[in-house]
Amino acid sequence: MQFNPIISPIYFDDISAVQTYARQNHLLLYVYKNTIYDLSEFAYTHPGGLQEICIYANTDISKIIFNPQIHKHSPLMLFKMSKFTFGYIQPQKQKTLLKSKSSQQLLQQTRKNLLSATDPDYLAVPEDCCIEQVRSIKTHRRIYHSYEQISQPK
Ligand code: HEM
C-alpha cells in the first residue's frame with residue numbers, strides 16, 4: 001500500500017536522515033526551512049528543467065530558491081510546493097508540540113480541571129512540561145488527561 005505523507009508526515013532528525021531515506025526510496029526530496037517536499041514527480045515538469053532541479057535534490061534549499069544568482073523564484077512557488085509536503089525535520093518533536101496552541105490550551109485546561117476538583121495532584125504537574133500522548137483517566141468526578149502522560153521535556 002502506498003504511504004500517504006499528507007495524512008501522516010514523516011519526521012526526521014536531520015538532513016542526513018532525509019538523504020538516507022531519499023536514497024533508499026529513490027526520491028527527490030527538498031528541504032525548505034525544515035519542511036520536506038517530495039518533488040520526485042514534479043521535477044519532470046519543473047519549468048526551469050529537470051537537470052537544474054536535480055542538482056539540488058536531497059539538500060536544504062532554504063538559501064537557494066530565492067537566490068537571484070541561481071534563479072529567483074516567485075514566492076508563489078511555495079504554494080505550489082505545499083501540496084508535495086512530505087514531512088518535517090523536527091529533532092525535538094515534543095518541545096515543538098508544547099509550543100503549539102492546542103497543546104498549551106490542553107495543558108492549562110488539565111491544570112484547571114485538577115485545581116477545580118481540589119485534586120492534590122495538580123500541584124505535582126511540573127511548570128515546564130509537555131504532553132506526549134494524551135489519554136484520559138477517570139476520577140470520582142470528572143475525566144482528566146492522565147498525569148502519566150504529562151512529563152518533563154527531555
Ligand atoms: C533548488 C531546487 C528547486 C526547486 C525546489 C524549484 C521549484 C520550482 C517550482 C515549484 C516552480 C514552479 C513555480 C510556479 O509554478 O509558480 C519553479 C519554477 C521555475 N524554476 Fe525552479 N526550482 C529549483 C531550482 C531551480 C533552478 C536551479 C533553476 C534555474 C537555474 C530554476 C528555474 C526555474 C524557472 C525558470 C521557473 C519558472 C519561472 C518561475 O516560476 O520563477 N529552478 N521551480
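Positive-end ranking of Met81, Phe66, Ser40 along the dipole of the range 10-91, with charges on Cβ about the Cα centre, is headed by Phe66.
The per residue volume of the convex hull around the alpha-carbon atoms of the range 7-51 is 101 Å³.
The string of couplings for the range 69-77 from the Karplus curve (6.51, -1.76, 1.60, θ = phi - 60°) is 6, 9, 6, 7, 5, 6, x, 5, 4 Hz, one whole number per residue in order, with x for Gly and Pro.
Laboratory data are not the source of any read-out in this text; all were calculated from the coordinates shown. What you are looking at is a predicted structure, and each value in this text was computed from that prediction instead of being measured. Cβ: placed from backbone, ideal geometry, glycine included. Neighbour counts: every protein chain shown.
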